[in-house]
1. How long are the semi-axes of the equivalent ellipsoid of the chain, defined as square roots of 5 times the Cα gyration tensor eigenvalues? Whole Å, largest first.
2. Mean separation of Cα pairs under 8 Å and 6+ residues apart, divided by the residue count of region 148-239: what relative contact order is that in percent?
3. Which pairs break 18 Å Cα to Cα here: Lys149/Lys292; Lys49/Lys119; Lys232/Lys292; Lys149/Lys179; Lys49/Lys97; Lys149/Lys232?
4. Label point 7 Å out from Gln237 along Cα-to-Cβ: which residues of region 190-215 have amide N under 16 Å?
5. Using a basic spin-label model with each label point 7 Å from the Cα along Cα→Cβ, how many nm lie between Lys154 and Lys187?
6. Sum -39500 (n - 2.57) across every DSSP H segment of at least 4 residues in the chain, then divide by the residue count to get the 222 nm mean residue ellipticity, nearest 500.
7. If contacts are Cα pairs under 8 angstrom and at least 6 residues apart, what is the relative contact order of the chain in percent?
8. By what distance, in whole Å, do the Cα atoms of region 148-239 stretch along each of the three principal axes, largest value first?
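None of the figures in this text is laboratory data; all of them are computed from the coordinates on show. Quantities reported herein were computed from a predicted structural model and do not represent experimental measurements. We place every Cβ from the backbone using ideal geometry, glycine too, and count neighbours over all the protein chains shown.
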Amino acid sequence: MKMQRFWAALALASLIATAFGARAADDVQTPPPNNDAYSPATLTGTLAKARDTGTIALGYRDASVPFSYLGARKEPIGYSIELCTSLVAAIGNAIHKNLNIQWIHVTPEDRIDAVVDGKVDLECGSTTSNVERQKRVAFSPIIFVAGTKVMVKKGSPIRSFRDLAGKTVAVTAGTTNEKALRDLDRKFALGMRLQVVPDHADGFARVANGQADAFATDDVLLYGLIAENAAKGGAYQVVGDYLSYDPYGIMFRKNDPQLAQVVRDTFQELAADGEIERQYKRWFLQRLPSGKSLDMPMSAQLESIIQTMAGGEAQ
């Protein structure tokens, strides 16, 4: 990692905080430097917490295939999980300490609060980074680009959003997909009957058992659910145009500049040495632990984002 640059930045930040302390009376004051063997500069925020506790709390999802879900051993696995564990290693290197991971289950409804309230240090799921959410939390550089689509049983007459008029549509609570569906329903007066469900697995089940005509969420999650449930029978398809734009990122707390620097530097190096691309191939092109593959080549847009990231420009 670029630890020399990281610690130099911390030292400079400490000098600036001292020089302008009188001007920032309403800000959280930087504590005096200590002689902790793990800390060559004053640590704050999540890095200080990690040094003191030896633990990082990672939020995971149980049905966001292939980003963050439970494998056969009921342990969190997935693309986002792998990127998060790389961040944990980088944080450990920054504070010269081996860190334990505390796994915390989060849902679409409580994930942001879990980060804000300090229950979770990094949220490793399939969370869209948008302006509204950035008012409450910070995000890593973009790790994936998705968009809202709908899944139906094969043979369904539904082919576009206009065919959802008067239909029962499941959507996960607390997601950008829910907002996209409500906006669409209002704009085109479709009269959809929305069933707001707690998680993606529930939305898939509603279509499978006939309680809903369609399930709306990010396209990649729909393909993941179809792949994971292939052995259970039933035939499903993803239809229609994109109904929203959803760039994913790893969530962490706002106003934590030291952690933000580690996240930026880590993602730049993961992009530059090809690790992000390797993890993408593992989770989107190769067989998943279930034996199925999503077979989703990386989009040109994500390729461009990763190339820019490798050059030191976070997106």
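1. Ellipsoid half-lengths, sorted descending, are 39, 21, 17 Å.
2. Relative contact order of region 148-239: 46 percent.
3. Long pairs (Cα-Cα over 18 Å): Lys149/Lys292; Lys149/Lys232.
4. 214-215
5. 3.2
6. Dividing the helical sum by the residues of the chain leaves -11500 deg cm²/dmol.
7. Result for the chain is 22 percent.
8. Extents along the principal axes, in whole Å: 38, 28, 21.
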